[in-house]
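Student: Before I ask anything, here is the structure I am working with.
The values are calculated or read from the model by the stated rules, or taken from the named source; none is laboratory data. Values in this document were obtained by computation on a predicted structure and should not be read as measured data. Using ideal geometry, Cβ is built from the backbone for each residue, glycine included, and neighbour counts are taken over all protein chains shown. Remember, those area values only see protein heavy atoms, side chains included, never the ligands or the DNA or RNA. Shrake-Rupley method; radii C 1.70, N 1.55, O 1.52, S 1.80 Å.
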Amino acid sequence: MLKKCFCVLTGLSCFALFSCKSTQDAFYIPVPAEASYNNKKISQEYYQIAQEYTELQKYDRAIVYYKLAMRDATLRTPAYFNLGKVYALSGDWENAKIVYRRLLKRDPDNVSLQVSLAYITAMQGDLNTASGVYKNLIEEHPDDCFILKNYLSVLIANKNFEQAEYYLSVLKTKFPQDTDISTYERELAKELQ
């Protein structure tokens, strides 16, 4: 009888071990946080793919992968920032503006976000609003050549030539070696004729 029980138990054990699942799967014990680790790794790969698509200027594909990367909380903010950047690069000003406004709510003192939002506003054709934002930025950051040149470009595009001449003289005084000075001079001279 004992021999018969032993044979039955051995047979059932073998059947359980070699049934539909592999031996490895039958005895698989999940490691704590393994799924979380795998999801994080997948999100990091999505982020890398999105960056590659951005470099290749395949913005529609980059948008998809940045959104997928945002599933991981640690990548959410950088992926969202880059999503806004890709929207802007693709000329989708409305979605870019939405992204940058949301980011600016979280970090209202971020000058880079403020400049980006002013640029997007100008690209949407709202030169008066963009001009006001740039004016405030240049008052807060008078030694920032990049902001000054963006403001100068908006002033010229908005046909505010008197202010443009003034800020061109500021550019020449503060940054006499800047290579864009001659371009602004030509552009302004052409507009004033």
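Student: Filter segment 61-93 down to the residues that are in a helix (DSSP H, G or I) and polar (S, T, N, Q), then identify the one that is least open to solvent (accessible area, probe 1.4 Å).
Tutor: N82
Student: Whether any residue in segment 94-103 is farther than 30 Å from L68 by Cα and open to solvent by less than 50 Å² (accessible area, probe 1.4 Å) is what I want to check. So that I can check it myself, show each step before the final result.
Tutor: Restricting attention to segment 94-103, the residues satisfying the condition of being farther than 30 Å from L68 by Cα are none.
Looking through segment 94-103, none of the residues is farther than 30 Å from L68 by Cα and open to solvent by less than 50 Å² (accessible area, probe 1.4 Å).
Student: Among the listed residues S112, S116, S169, which satisfies the condition of being small (G, A, S) and either in contact with a helix residue (DSSP H, G or I) (Cβ under 7 Å, 6 or more places away or on another chain) or touching a residue at least 12 places away in the same chain (Cβ under 8 Å) (or both)?
Tutor: Details: S112 fails: either in contact with a helix residue (DSSP H, G or I) (Cβ under 7 Å, 6 or more places away or on another chain) or touching a residue at least 12 places away in the same chain (Cβ under 8 Å) (or both); S169 fails: either in contact with a helix residue (DSSP H, G or I) (Cβ under 7 Å, 6 or more places away or on another chain) or touching a residue at least 12 places away in the same chain (Cβ under 8 Å) (or both).
Criteria check complete, one pass: S116.
Student: Among the candidates Q57, Q51, single out the residue that is surrounded by fewer than 12 Cβ atoms within 10 Å (Cβ to Cβ), among the polar types (S, T, N, Q) and at pLDDT 95 or above.
Tutor: Just a single option satisfies the conditions, and that option is Q57.
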